[in-house]
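Each value in this text was obtained by applying a stated rule to the coordinates, not by laboratory testing. Remember, it's a predicted structure, so these values are computed and weren't measured experimentally. All Cβ positions, even for glycine, are placed from backbone atoms using ideal geometry, and neighbour counts span all protein chains on display.
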């Protein structure tokens with residue numbers, strides 16, 4: 001029986017090494033949740049599609065490798081994925097604000113042009129009468 005003790009212990013330790021720690025599972029769950037939240041925001045899809053896609057690919061790679069990977073690697077990669085999601089969200093907010101500023105600038109130009117046209121018409125009527 002003793003001759004099986006060392007190989008059995010090694011097999012148990014190897015199998016235990018494949019199981020993720022609660023911290024790694026939690027990090028991966030947080031990354032998934034952040035990703036799902038970001039995907040639910042239409043501005044993220046519109047203004048930061050490349051960034052959110054990159055985060056999604058990272059999460060997919062982590063999930064595919066998680067069973068064979070070390071918990072520290074999973075936790076680290078999940079934290080990076082969550083940061084990528086946050087970057088995508090921030091880029092979406094910034095780009096949406098830039099789009100709003102551009103829209104407001106166009107509206108301002110339209111209003112100023114309409115005002116100038118009205119003033120020109122009023123002057124033309126004033127000099128014609």
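With a simple spin-label model that places each label point 7 Å from the Cα along the Cα-to-Cβ direction, the separation between residue 118 and residue 29 comes to 6.0 nm.
Using a simple spin-label model with pseudo-atoms 7 Å out from Cα toward Cβ, residue 43 and residue 94 lie 1.4 nm apart.
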